[in-house]
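Heads up: the structure comes next, in structure tokens.
The values are calculated or read from the model by the stated rules, or taken from the named source; none is laboratory data. Remember, predicted model here, so these are calculated numbers, not experimental data. Every residue, glycine as well, gets a Cβ built from its backbone with ideal geometry; the counts of neighbours run over all protein chains shown. SASA here: full protein model, heavy atoms, side chains in, ligands and nucleic acids out. Shrake-Rupley method; radii C 1.70, N 1.55, O 1.52, S 1.80 Å.
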Amino acid sequence: MSIPHADRLTRLTVLLAEWQAVWRPLPFQSRRPPWAGHLPGLEQALLALSDEACERLQAAPCGTSPLAAWLPVAELGELVDLPDLAGGDAGLPASWSQHVGGRKWQQIEAFVPRVALAPGQSLVEWCAGKGHLARTLARWHGTEVTALEWQPALCDEGQALADRQGVAVHLEARDVLAPDVARWLTPDTHVAALHACGDLHVRLLELAAASGCGVTLAPCCYQRTAAEHYRPLSRLGRDLAGRQGLELSRDDLALAVRETVTAPRHVRRSRERAGAWRLGFDLLQRELRGRDDYLPVPSLAYGRLPETFAGFCRWAAERKGLTLPASVDWGAYERAGRRRQAEVRRLELVRHLFRRPLEVWLALDRLQLLEEAGFTVALGTFCERELTPRNLLLRASLPARACGTRTPPS
């Protein structure tokens, strides 16, 4: 039986607040997790997991899990179980995918049939990039699409693509955070946004609530926000969070999107190596400083990682003003870093369990904002998580507008 949106939000708020002392701490910052004393046996059970079991739980933390003896696995699993929003697999013509990356095209192919227009509505793409989604929407719905994108260079490239393909798309170089963007949103408009980040999609929802435009949104990167602390968007969200003592920082929001299932294998290997090296350096710096606490090290852009562990440690020590001894057993610290990485990966499973619940909570808060403005809103998924972990979809319209359906093109 479907759980009413307000009930789902209420129950998730209670659980996230009750267990925040467990899902907030970052395991790599402490030798032992702060919750270890309160949950006897959980730490040992996690550290005893095989690599295969660890990978399985990373992929499906709310599934059958040994964590259920200590944590509310079944209830969280129930609360994040959302329907696939109707739309079907359109099987769009392969020719439409020209100039679009394979995975991006698959996401567009899953998203587009779920954008339903009411009679007479015009279409706008929000944060359009080169307008790949806009071109597909224009073809699918047989209508002109306005695409809003703040980078003029992307607008120029996207407009050239649309013109060359003969697709009715007009790209506008506009900052969606600027006040004048509201003129594109009216009750006769439907706005589509596939993976608009943080404040960008929040801006869309706030304008939609004020204007009455329809929305189909797959939100992303909740942590990309100017505010250091999250203020729930809905009245119900603010009331529940206030009563339960749930306060979310920007770092907390990042947990909701901390997944890399779609990253190429070589990127995952590079990230794993960088993570092991950071943990190896962390063990070294604790000994050098005589302080058993974590020392943050700046991030390195992909491709700029030094070639060796020793090189990484020299780089990190220089950034933190540390003097390395003349002789260091680099191999020993690198091996220790990899052992520590295996431990951290297992202890992180506790946070993974709350990752999707936090994301669904954020989506429900967005849904509630629109429901409080009188919209009819659906929340579900538009594709499998293997295609993108950010597979949640919000679809909203005012009840007076009945959305039509489309038949797949022949």
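Restricting the search to segment 82-105, which residues are touching a residue at least 60 places away in the same chain (Cβ under 8 Å) and of a type in the set (A, V, I, L, M)? Working first, answer last.
Taking segment 82-105 as the starting set, the residues that turn out to be touching a residue at least 60 places away in the same chain (Cβ under 8 Å) are 82-85, 87-88, 90-93, 98-99, 103.
Matches in segment 82-105: L82, L85, A90, L92.
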Self-check item: Options D188, D175, D156; residue that is under 23 Å from the mean Cα position of the chain (by Cα) and at pLDDT 95 or above
Solution: D175
Exercise. State whether one or more residues within segment 62-81 are free of Cβ contacts under 8 Å to residues at least 24 places away in the same chain and under 19 Å from V344 (Cβ atoms).
Key: yes
Self-check item: Per-region count, segment 191-231, residues open to solvent by less than 20 Å² (accessible area, probe 1.4 Å), within 17 Å of the chain's Cα centre (by Cα) and more than 19 Å from A128 (Cβ to Cβ)
Solution: 1
Quiz item: If only one of A241, A226, A316 is in a loop (DSSP other than H, G, I, E, B) and of a type in the set (G, A, S), which one is it?
Solution: A226
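Of all the helices (runs of 4 or more DSSP H) wholly in segment 1-78, which have at least 3 residues that are within 25 Å of the chain's Cα centre (by Cα)?
Details: elements: 5-18, 20-23, 42-47, 51-59.
Hits in segment 1-78: 5-18, 20-23, 51-59.
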Quiz item: Quick one: which of S95, S122 is closer than 30 Å to L233 by Cα, open to solvent by 50 Å² or more (accessible area, probe 1.4 Å) and of a type in the set (S, T, Y)?
Solution: S122
Quiz prompt | Cβ pairs under 6 Å, 6+ apart, first in segment 138-152 and closer than 17 Å to H201 by Cβ, second in a helix (DSSP H, G or I) and not β-branched (V, I, T) | solution = A147/A134; E149/C155
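Looking at D180, D188, D175 in this structure, which one is among the acidic types (D, E), open to solvent by 40 Å² or more (accessible area, probe 1.4 Å) and without any contact (Cβ under 8 Å) to a residue 12 or more places away in the chain?
Details: D188 fails: without any contact (Cβ under 8 Å) to a residue 12 or more places away in the chain; D175 fails: without any contact (Cβ under 8 Å) to a residue 12 or more places away in the chain.
Among D180, D188, D175, only D180 is among the acidic types (D, E), open to solvent by 40 Å² or more (accessible area, probe 1.4 Å) and without any contact (Cβ under 8 Å) to a residue 12 or more places away in the chain.
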Quiz item: Could you say which residue among R103, R56, R11, R32 is within 30 Å of A162 (Cβ to Cβ) and either surrounded by 12 or more Cβ atoms within 10 Å (Cβ to Cβ) or not acidic (D, E) (or both)?
Solution: R103
